[in-house]
Structure formats: structure tokens, C-alpha cells
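Worksheet for the structure shown next.
The values are calculated or read from the model by the stated rules, or taken from the named source; none is laboratory data. Since we're looking at a predicted model, the values are computed, not measured. Glycine also receives a Cβ, built like all others from the backbone with ideal geometry; neighbour counts cover every protein chain displayed.
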There are 2 protein chains.
Amino acid sequence: MVVCSLARMTRRSVMNLVCLGNRAVSLLYGNSLRPLHTSVCNSSSQPKAGFKPEKVAVVTKTTRYEFEQQRYRYAGLSEEDLKQLLAMKGSSYSGLLERHNIHTNNVEHIVKSLRREGIDVRVVKRGEYDEEVVRWADAIISAGGDGTMLLVASKVLSKDKPVIGVNTDPERSEGHLCLPVRYTRTFPEALEKLCRGEFRWLWRQRIRLHLEGTGINPTPVDLHEQQLSLEQHSQAHRLTTMDSQRSMTPPPNMWTGSLHERFSKPSLLPIRSLNEIFIGESLSSRVKLKSFKHHVNLLLHRASYYEISVDDGPWEKQKSSGLSICTGTGSKAWSYNINKLAEQAVEEVLRIGKSLTGLEIPLNREFIEKVTDEYNESLVFGPDDRRLFYSVREPIVNRVFSSSRQRGFASKVCVRSRCWDACMVVDGGTSFEFNDGAIATISMSDEDQLRTVLLEN
Amino acid sequence: MVVCSLARMTRRSVMNLVCLGNRAVSLLYGNSLRPLHTSVCNSSSQPKAGFKPEKVAVVTKTTRYEFEQQRYRYAGLSEEDLKQLLAMKGSSYSGLLERHNIHTNNVEHIVKSLRREGIDVRVVKRGEYDEEVVRWADAIISAGGDGTMLLVASKVLSKDKPVIGVNTDPERSEGHLCLPVRYTRTFPEALEKLCRGEFRWLWRQRIRLHLEGTGINPTPVDLHEQQLSLEQHSQAHRLTTMDSQRSMTPPPNMWTGSLHERFSKPSLLPIRSLNEIFIGESLSSRVKLKSFKHHVNLLLHRASYYEISVDDGPWEKQKSSGLSICTGTGSKAWSYNINKLAEQAVEEVLRIGKSLTGLEIPLNREFIEKVTDEYNESLVFGPDDRRLFYSVREPIVNRVFSSSRQRGFASKVCVRSRCWDACMVVDGGTSFEFNDGAIATISMSDEDQLRTVLLEN
């Protein structure tokens with residue numbers, strides 16, 4: 001494709017399917033956000049008074065239209081060229097523009113509604129969203145889809161700062177982490193309920209990550225931003241590379257010492273996962289080509305090698321196409337797709353069971369559907385649940401590798417990388433290197449909870 | 001990791017689990033390889049006379065030891081540094097060296113055995129293996145594991161040229177596409193059987209690929225070689241980029257015309273797949289950074305969007321984590337791992353079936369194992385089978401996307417990419433761009449068969 005040499009942005013695959021019930025509640029007093037005293041066993045709790053923030057940051061997604069514009073502008077193409085190119089690909093310029101306008105109109109609606117209440121509003125594009133914005137705001141609104149919500153949540157480390165998701169394109173976005181879709185166009189209603197305390201707080205458990213033995217200060221790579229912002233991107237990686245280079249050049253006696261230091265220091269990463277951590281091999285090319293800078297890095301059909309220890313149990317060597325560790329919130333996201341069964345598979349299992357036993361096991365569509373639904377539903381658990389759920393994706397069992405349990409619950413999962421070139425992907429958006437020898441400790445802590453809002457549907 | 005900035009090679013994940021029976025047969029006459037007249041319904045056939053090639057190419061794998069050496073040499077490290085670095089990672093230098101020696105000794109054994117029979121032998125590293133070698137040789141021996149076998153096969157387009165795999169590290173490599181392991185150290189025995197015709201020919205069906213609408217002449221990227229050979233790598237991509245750039249710079253009126261041309265031309269790719277074609281999204285960064293060349297490209301949790309039509313049926317929009325289309329040979333490779341069920345899952349299905357029906361469905365370990373084994377075995381079919389087997393990996397079903405059948409047999413599968421940045425990976429080793437608008441037609445033709453040898457175990 002003519003556009004393949006241009007910078008591009010990834011589009012978050014919308015896969016969160018969390019459905020929550022909403023219940024109206026009482027108010028959180030005043031303007032400040034006092035930590036609410038709740039029993040951690042409840043998934044949600046009534047506020048003591050209404051919620052009326054003074055300062056709200058609205059973080060907006062980048063629409064596909066904006067993205068395509070940016071990349072063609074980078075290539076020196078006009079709007080007319082953009083139209084033709086998209087048409088040739090079978091995409092629709094007017095369609096993209098339409099969705100873009102729907103989103104921007106909805107953002108405008110939200111912002112106006114907030115300002116009408118005298119609230120100080122800062123509208124921030126996802127690329128500009130950082131810790132300073134989080135500190136400034138009393139509450140943060142994610143204006144986009146579930147992907148934007150995950151990004152917004154990723155920079156909120158305190159369990160006191162409320163994050164509210166508004167789905168700005170309900171027809172195209174699942175928006176399961178967002179408020180019910182009716183509030184998208186009637187946002188003042190949502191604000192009123194918040195003000196009156198007619199809502200519930202929902203604290204969602206999140207995952208924390210300790211990494212050691214990586215050899216470099218772990219530099220997170222934002223997989224979305226790295227593409228739009230060439231500057232930021234080269235910055236992040238210049239640091240990474242300089243670190244690598246520095247540790248390569250000193251003479252052996254000095255070098256060994258500094259390497260040991262680097263290798264033994266564990267660190268708590270400044271990131272919390274709302275959905276899942278995914279560990280897997282990738283093909284990453286860090287090739288310094290003097291004359292040539294382009295190269296293609298593609299997903300290879302390559303197995304991931306690692307060792308896993310669940311709840312301080314014995315280490316087990318495993319080979320698979322990756323390991324997923326999710327929260328209750330994430331149990332309906334990627335983890336769900338990894339583990340769910342298609343009716344076709346369930347039917348086949350029951351058919352074999354029937355033929356081996358001679359029992360009258362029903363094989364009609366209705367029954368197969370019922371069994372399949374029950375099986376798939378059992379994969380989902382509550383956002384407030386303190387347990388992690390780990391699943392081995394496509395385990396490879398042969399002479400060398402075995403797999404005791406393909407999935408299960410745990411309080412803590414430790415993984416030691418035996419990979420050539422792997423990474424740990426957090427909520428599908430940020431990644432960390434995770435190569436041979438590195439150890440990740442994945443756990444949960446109540447202080448990492450994310451404070452979100454439940455509004456009646 | 002300090003080594004992450006260096007070029008590295010991928011290691012083929014050994015996942016082929018084809019087990020074939022062997023039967024002794026009569027001879028193929030003389031030195032030349034006359035096409036054998038066989039019924040294509042048989043998976044294998046008796047040669048008419050012994051097989052005595054005059055010229056044999058032996059293609060060797062790159063051992064991990066060689067690879068690590070190369071990459072540390074690139075960084076200016078000594079052998080001693082290499083030892084220390086590996087030790088720190090928990091890897092063993094002496095272990096790598098040992099496996100390397102086992103491999104090279106086995107290669108030497110093969111080569112000596114061939115030369116002792118007066119056969120003209122060319123030993124070729126995988127990086128040097130090309131069409132010229134294929135043309136020169138009467139037969140090609142793959143000296144490595146299944147990965148090397150796949151590479152060797154990939155450049156053999158004729159159904160008359162025999163390819164024989166010898167597993168040079170039976171303790172570490174599964175070698176299911178290779179001769180039985182006992183011939184590794186007793187290769188003269190294998191040669192004698194070949195000479196006497198005490199073997200069978202096995203023609204394995206392969207997949208062919210037509211691509212259209214890509215906009216660029218499809219340039220295959222060898223995912224293994226691109227890392228070891230910086231020169232070749234930059235060559236291949238300079239071509240790709242120059243193409244892209246050329247199509248970007250002309251003024252709109254001329255440009256549109258040339259784009260249309262590029263978009264409408266379908267082409268049969270010069271490659272045949274022995275295992276499978278896998279189509280999926282990847283994160284590929286083709287960013288031209290003036291001052292900085294390093295960047296990380298990682299597997300993103302990103303869904304693949306495409307449309308699929310099976311056997312000229314209606315097009316169906318799908319969203320999944322990828323699509324696999326395999327041969328009988330490949331039905332025990334990646335496709336197998338995508339589709340197989342763990343006992344844990346089978347147990348759960350039967351448990352639900354039991355609770356919903358009240359029937360006495362056994363749930364003991366033995367029965368679960370039996371059902372699981374039968375289910376998994378049903379995923380495997382013969383290398384001579386002319387059918388393709390397609391499977392949708394982790395299908396995503398929601399308001400927009402549906403999935404009628406998650407997997408099935410077909411004679412032809414057409415896929416239209418709706419992906420941002422996807423590729424088509426052939427046998428886990430070569431890839432082609434497959435972006436928005438491109439259409440792939442995946443089919444089989446008897447003339448694409450690969451001629452391999454079945455020796456009694």
C-alpha cells in the first residue's frame with residue numbers, strides 16, 4: 001500500500017464487554033473528594049453526599065478521520081487525494097468524517113454541560129494526557145470508547161480520583177466501561193444525578209506489576225502514541241538505546257559490576273492494569289541500519305517460553321502462544337476471547353461424549369447454545385473481585401513442556417521470561433520488555449483500585 | 001536487556017507433529033528423476049527404481065550458539081563476555097556450544113556419507129539457500145529441525161524435486177517433518193534404502209496464494225533472514241520503500257492513474273505453503289526517523305478485521321485475532337494448537353452437560369482424557385488431502401460482527417483485508433503485507449505438491 005511507509009496510529013480494538021448494573025445512591029458531601037469509607041467486599045457503595053467536582057479534565061480519543069488526515073498530511077497529500085485513496089481501498093471518506101463529527105459533537109455537548117454548571121473544564125487530547133492533568137483534575141472524563149477509558153485509567157494511580165467514561169460513538173463503540181449510552185446525548189442528566197448523589201461508586205480492582213532482572217530501567221512504550229508522535233517516540237527509544245549502548249562499551253571488569261546491579265533491582269512499575277497483562281513473544285527488530293531506516297516488524301508464529309509460579313507454588317516451564325492475567329473487569333475482554341468456546345466445539349465434545357457413553361445427550365441447537373453460554377459465562381467474574389485469572393493461550397505440550405492447569409484463579413502470579421524478544425502488554429496499550437531472565441510479579445492491592453461511577457440505566 | 005539493541009534471529013518454534021507410517025518399496029530407475037506416475041489418491045507410492053541422485057544440496061540451520069556469537073560479535077564483545085552475559089541470563093554457554101557441536105557433527109556425518117557414495121555435495125547455510133541451489137540439486141537435504149525443512153521446501157516449486165529432512169538435534173527438536181531419528185547417526189543406512197528403492201514417495205499437498213490490490217509488487221520478507229543479514233534486509237525494504245515513495249510523489253492526476261494500475265493486478269506468489277497461511281494484524285512501524293533508527297515493534301492486542309468467502313460463498317465480515325488456513329501436513333502444527341482443547345475445558349463442558357440433563361456422564365480423569373484425545377485427533381488430516389482447513393482464532397462476536405462457522409474444510413478461501421497493518425505469514429517464516437483492500441485467494445493445486453521420502457522407522 002502506498003501509505004504503508006507513513007506513521008500511523010493504532011486503533012484500539014474494542015473488546016471490553018463488562019456490563020454492570022446501576023443503582024442510584026446518596027451524595028458525597030461538597031466539592032472536595034474525601035475518601036469514602038466502604039466495605040471492600042461490596043462491589044459498589046452509596047456516596048455520602050453529591051459529587052460536584054470543581055475541575056474536570058475531558059480526555060478525547062483520536063478519531064480515525066483525524067488519524068488518516070494526519071498521516072496523509074505527513075505524506076504531503078491533499079484532502080482530495082485522501083478521498084480518492086480511501087475510495088480505492090473500499091473505505092468511505094464521508095463515512096469517516098461522519099463518525100468524526102458525531103464524536104466531536106458529543107464532546108462539545110459534554111463540555112458545554114460541564115461549563116454550564118460552573119465547572120472548570122480542560123479538554124485534553126489523548127496524546128497530551130499526563131500525570132499533571134491527573135493531578136489538576138478533581139475528576140476525569142474519558143470521551144471516546146473503552147480504549148480511551150483504559151488510557152485514562154492507566155495514569156490514575158490513586159483510588160480516590162473518579163474516572164467517568166462517556167461513549168462518544170455508541171453506534172460503533174461497545175463502550176462497556178462507559179456510562180449507559182443514553183447519557184451521551186443527555187449528559188446534564190448524568191451531572192444532575194451525580195450532584196444529587198443518585199449513583200454508586202464502583203471500585204474496580206487492578207493489577208500491579210513488579211519487574212526485575214531486565215537490565216534497563218523499564219521504559220514503558222505507549223503503543224498508540226509511539227506512532228502519532230515521532231518526537232516522543234524517538235525520545236523514549238533514544239533513552240532505551242543509550243542505556244543499552246552505555247552498558248555495552250565499558251571494559252569487562254567495570255561492565256560486569258554495573259550489569260549485576262542492573263539485573264538485580266526489582267521495581268514496582270508506575271502503571272496499573274484495569275483489564276489484563278498479556279505476556280508474549282514478538283518480533284522486535286532493533287537494527288541500526290546506517291543507510292536505511294525502514295523495516296518491517298511483524299507478528300511471527302513464534303512460541304513464548306517462560307516459567308510460571310502460581311501463588312508461590314513450584315515453577316513450571318511452559319511454552320505457549322502467550323499468557324494472559326486479567327482482573328474481573330478484564331474477564332470479559334481479551335481473556336474472554338482467549339477462553340471462550342464456539343458452539344461448534346461444544347457440539348463436537350458432546351457428540352464424542354454421546355458416542356463413547358451411549359447416553360442420550362441432546363445435540364440440538366438449543367441445548368448446544370445453552371451449554372456454550374453457561375461455559376462462556378463461567379469465565380466472567382466481578383470487577384471488585386480481588387483475584388487474578390490466568391490463562392495459557394494455546395499451550396504447547398510435548399516432550400519438554402507440560403501444562404498442569406491451562407487456567408485458574410490466583411492472588412499472585414510470577415513469570416520468568418525465557419523469551420528471545422518478548423513483552424508484557426498492559427491493557428493492550430503499553431508495553432514493557434520482558435526478555436530472557438527477567439521476572440515479573442503480578443498481584444493486586446486494594447490501594448490500586450480505580451474509582452468509577454455506576455449510574456442507573 | 002543490554003542485548004536488545006542488537007540484530008537477532010528468530011528461532012522456529014517446533015510445532016509440527018506429523019507422524020507418518022513408513023513402508024518399504026521398489027526402485028526408481030537410474031540417476032535421473034523421472035516423474036513418477038502415481039494415483040494422486042494415495043498418500044504415498046512405491047518408486048519404480050532406486051533413488052541415486054548425483055548432486056545433493058545440504059541446507060543447514062543456524063544454531064543458537066552461532067546466532068548468539070554473531071550478535072555479540074556485532075556488539076564488539078569477546079567470547080568471554082558472551083559467556084558471562086549468558087550466565088547472567090540463566091542460560092548456559094556450554095549448553096549452547098554442546099548443541100551446536102551435536103548439530104555440526106551430524107551434518108558432517110551426512111555429508112561424508114553422501115560423498116562416500118560419489119555424490120556431489122554442496123553444503124549451504126540457510127541464508128545462502130536460493131533458487132539457484134534448487135536448480136542445481138537433484139535432491140535437497142534439510143539438516144536441522146522442522147523449521148529448516150519448511151524453509152527448504154519453500155523454495156522448491158516443482159513436484160519432482162525430492163526434499164529430505166534429517167533431524168540434526170533429536171533431543172531438542174521434534175523433527176516431525178524429518179526422517180525417523182535413527183537415521184541421523186546412521187545415514188548410510190538411509191542412503192542404502194533409497195538406493196535399493198526400499199522407501200516410498202510421499203507427495204504433500206501445499207497451498208498457493210494469489211494476491212491482488214496490494215498497491216506494491218508483493219515483496220516477501222523472510223522473517224528469519226531479515227535479522228541475520230542486515231544487507232539483504234535493507235535491500236528488500238529499500239525496494240519496498242522506494243515503491244511507496246515513488247507512488248507518493250507524482251502530482252495527483254498522474255498519480256491516480258498509476259495507483260489504479262497497481263491496485264488491480266492479481267499475482268500468483270512464488271511461494272508454496274507446506275503448513276499454513278496465517279493472516280493477522282501486527283504492529284508494524286515504518287517510520288523514517290531522521291536521527292534515530294531504533295524502535296520497538298510489538299505484538300499488540302489488536303483484532304484483525306477482514307471479510308472471508310469460503311468456496312465462493314457469500315462474503316462475511318469477521319473480527320478475530322487471526323485466521324489460519326492449513327494443509328493436512330500443517331493440521332498438526334499451528335492450526336492444531338489454535339483448535340485443540342485442554343482437558344480442563346472438556347471437563348467443564350461435560351460437567352455442564354451433566355448438570356443440565358441429569359444424565360450420568362462420567363467425569364473421571366480417564367474419560368475426560370479419552371474425549372479430549374478424540375476431539376483433538378479429529379483436527380488432524382492427511383498430508384495428501386486436497387482440502388484446506390480454515391480456523392478463526394478467537395472470533396469476536398458482537399453487534400457488528402458474527403461468525404457462522406469457526407472452522408471447516410474448503411477447496412478455496414478468499415480473504416479481503418480490512419486491516420490497518422496486517423500480514424500474511426507463510427509457514428511462520430515469510431510474510432506479505434496484507435492491508436485494507438487487498439484480496440488473497442488461497443487454494444491448492446496438485447502441481448504444487450512437495451515430494452518427500454517415507455522411510456521405515
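In segment B:359-412, the qualifying residues are those that are in a strand (DSSP E or B) and surrounded by 17 or more Cβ atoms within 10 Å (Cβ to Cβ), and the one that is modelled with the lowest pLDDT is B:ARG393.
Residues that are more than 8 Å from chain B (Cβ to nearest Cβ) and under 25 Å from A:SER158 (Cβ atoms) occur at least once in segment A:390-411. Scanning segment B:105-127 for residues being free of Cβ contacts under 8 Å to residues at least 12 places away in the same chain and in a helix (DSSP H, G or I) gives a total of 4. The number of residues in segment A:401-438 that are over 21 Å from the mean Cα position of the chain (by Cα) and aliphatic (A, V, I, L, M) comes to 1.
Selection within segment A:427-446: residues that are more than 16 Å from A:VAL163 (Cβ to Cβ) and modelled with pLDDT of 90 or more. The member of this set that is nearest to the other protein chains (Cβ to nearest Cβ) is A:ILE439.
Table: residues versus (1) in contact (Cβ under 8 Å) with a residue 12 or more places away in the chain; (2) farther than 19 Å from A:PRO47 by Cβ; (3) among the small types (Gly, Ala, Ser).
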position: A:ASP160; (1), (2), (3): yes, no, no
position: A:GLY165; (1), (2), (3): yes, no, yes
position: A:PRO170; (1), (2), (3): yes, yes, no
position: A:SER173; (1), (2), (3): yes, yes, yes
position: A:HIS176; (1), (2), (3): yes, yes, no
position: A:TYR183; (1), (2), (3): yes, no, no
position: A:THR186; (1), (2), (3): no, yes, no
position: A:LEU191; (1), (2), (3): yes, no, no
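Just wondering, is there one or more residues in segment A:341-357 that are among the polar types (S, T, N, Q) and facing another protein chain (nearest Cβ under 8 Å)? Yes, because at least one residue in segment A:341-357 is among the polar types (S, T, N, Q) and facing another protein chain (nearest Cβ under 8 Å). Of the residues making up segment B:406-417, one or more are touching a residue at least 12 places away in the same chain (Cβ under 8 Å), among the charged types (D, E, K, R) and closer than 16 Å to B:SER331 by Cβ. Summed over segment A:139-155, the residues that are part of a loop (DSSP other than H, G, I, E, B) and crowded, with 23+ Cβ neighbours inside 10 Å give a count of 1. Considering B:ASN337, B:ASN297, the condition of being at the interface with another protein chain (Cβ under 9 Å from one of its Cβ atoms), at pLDDT 90 or above and either over 20 Å from B:ARG204 (Cα atoms) or in a loop (DSSP other than H, G, I, E, B) (or both) is satisfied by B:ASN337 alone. What are the residues in segment B:170-199 that are over 27 Å from B:ALA49 (Cβ atoms) and either surrounded by fewer than 18 Cβ atoms within 10 Å (Cβ to Cβ) or of a type in the set (A, V, I, L, M, F, W, C) (or both), if any? Passing the criteria: B:GLU171, B:ARG172, B:VAL181, B:ARG185. Within segment B:99-122, if we keep just the residues that are basic (Lys, Arg) and modelled with pLDDT of 95 or more, the residue that is surrounded by the fewest Cβ atoms within 10 Å (Cβ to Cβ) turns out to be B:ARG116.
If you check A:LEU363, A:LEU379 for being in contact with an Asp or Glu (Cβ under 7 Å, 6 or more places away or on another chain) and either more than 7 Å from every other protein chain (Cβ to nearest Cβ) or under 29 Å from A:SER273 (Cα atoms) (or both), only one passes: A:LEU363.
Of the residues making up segment A:431-457, those that are surrounded by fewer than 23 Cβ atoms within 10 Å (Cβ to Cβ), in a strand (DSSP E or B) and not aliphatic (A, V, I, L, M) are A:THR441, A:SER443, A:ARG451.
At pLDDT 95 or above and either away from chain B (no Cβ under 11 Å) or closer than 22 Å to B:SER304 by Cα (or both): does that describe A:ASP311? When the stated conditions are applied, A:ASP311 passes them.
Within segment B:159-188, restricting attention to residues that are in a loop (DSSP other than H, G, I, E, B) and within 14 Å of another protein chain (Cβ to nearest Cβ), the residue that is farthest from B:MET444 (Cα to Cα) is B:GLU171. Assess whether A:LYS317 counts as being touching a strand residue (DSSP E or B) at 6+ places or on another chain (Cβ under 6 Å) and either of a type in the set (Asp, Glu) or modelled with pLDDT under 95 (or both). Yes, satisfied. Here B:ARG126 meets the list (1) at pLDDT 95 or above; (2) touching a helix residue (DSSP H, G or I) at 6+ places or on another chain (Cβ under 8 Å) almost entirely, failing just condition (1).
Flag set for A:LEU356, criterion: assigned to a helix (DSSP H, G or I) and surrounded by fewer than 17 Cβ atoms within 10 Å (Cβ to Cβ). Candidates in segment A:200-214 are the residues that are of a type in the set (D, E, K, R) and surrounded by 23 or more Cβ atoms within 10 Å (Cβ to Cβ); of these, the one that is nearest to A:SER267 (Cα to Cα) is A:ARG206.
Consider segment B:58-100 and keep the residues that are among the hydroxyl-bearing types (Ser, Thr, Tyr) and not in a loop (DSSP other than H, G, I, E, B). The one that is farthest from the other protein chains (Cβ to nearest Cβ) is B:THR60.
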